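The values are calculated or read from the model by the stated rules, or taken from the named source; none is laboratory data. Please read these numbers as outputs of a predicted model, since none were measured by experiment. Cβ sites come from the backbone with ideal geometry, for glycine too, and all protein chains shown count toward neighbours.
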Amino acid sequence: MAAFYAIIPVFIIILCGYLCRLYQFPGDSFWRGAEKITYFLLFPSLLISKMATADLSGIEFIKPILVIGLLYFIITIIFILSKPLLQLQKPQFTSVYQGGIRFNTYIGLAVANSLYGSDGLVVAVIVVAIMIPIINIFCVLLLEFYSDKTQGDTQKRIIKSLITNPLILGCVIGMGVNLSGLPVPAVIIEAFNIFSRAALPLGLLTVGAALVLNSIKKSIKPMLIATIAKFMILPAIAMGLCIVFSVEPMVRNVMLVFTVLPTATASYVLAKQLGGDYELMATIITVQTLLAGVLMPIMLIVFAL
């Protein structure tokens, strides 16, 4: 029951964001600005503040990196091998793939914090720092391979997607400060802490504001495939790998949280840029976010070890 109590407040805030956008409060221009300030300033500040001040001495990095790399390699191979059976057009297939592997960082950090406190939030930041680059590489490669667009350089797209991602940059800066041992003025750390306290609530509100309910009746089959992959297949593979590699309990639990999250809103942008079915992507994001309030706690209980 702890999973339900931890997740319900998160989705209440998401619902508030949806209702605010529905009733035009305080207006569309606010939500566009809120998404940008959350993505480019508040969440990177959260990652920097947590990573820069975290005690990393007792955390093992090799196993999580290996498990996460294998996880997304395996799920990608499963998608590729099952494509003939799925009978989806290339743009649909790439959007279903993104829906099956990507995660919403805002919700993940909020849930990890609710379930496991500050220690869990630090581990979550580290997991995010590992997952985001790996997922971006797999997504760009697969979207390029199945895209009808032949223009551009895949290598450049991958590099650009990594070096311009504010969340990756936040992790790199925070880790760099932590490992360098350089003293950081207390006022700077406190400024990042103040920014970070606004990140989770505003991030969750923007998730709710981005929901598009009028498209749910379309594309039932692709939505179902992406949802089964996201909430059942991905966590099952992740927990199997954690058992095989004896990943420590806290890291394993946080990884489980991130494998049962609804897909990221950034998936829509990538689908639009690389020739995916961005309308289907928006629908998958909405459906998974709505279902996550019920499915996440169930999956956390089912896969809890």
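Computed quantities for the displayed model
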| quantity | calculated |
| --- | --- |
| Val67 being over 21 Å from Val122 (Cβ atoms), within 18 Å of the chain's Cα centre (by Cα), modelled with pLDDT of 90 or more and crowded, with 18+ Cβ neighbours inside 10 Å | no |
| Search result, residues across segment 1-23 that are modelled with pLDDT under 90 and part of a loop (DSSP other than H, G, I, E, B) | Met1 |
| Condition met for Ile75 (in contact with a Pro (Cβ under 9 Å, 6 or more places away or on another chain), assigned to a helix (DSSP H, G or I) and touching a residue at least 40 places away in the same chain (Cβ under 8 Å)) | no |
| Lone qualifier among Pro91, Pro44 - being at negative phi, touching a helix residue (DSSP H, G or I) at 6+ places or on another chain (Cβ under 7 Å), buried (at least 18 other Cβ atoms within 10 Å of the Cβ) and assigned to a helix (DSSP H, G or I) | Pro44 |
| Helices (runs of 4 or more DSSP H) lying entirely in segment 227-301 (those with 2 or more residues that are at pLDDT 85 or above) | 234-244, 249-259 |
| Hits in segment 1-57 - residues which are hydroxyl-bearing (Ser, Thr, Tyr) and more than 20 Å from the chain's Cα centre (by Cα) | Tyr5, Tyr23, Ser29, Thr53, Ser57 |
| Meets criteria (part of a helix (DSSP H, G or I), touching a residue at least 12 places away in the same chain (Cβ under 8 Å), within 29 Å of Glu35 (Cβ to Cβ) and within 17 Å of the chain's Cα centre (by Cα)) for Ala198 | no |
| Matching residues in segment 1-59 - criterion: being among the acidic types (Asp, Glu) and closer than 26 Å to Val212 by Cα | Asp28, Glu35 |
| Val177 aliphatic (A, V, I, L, M) and touching a residue at least 24 places away in the same chain (Cβ under 8 Å) | yes |
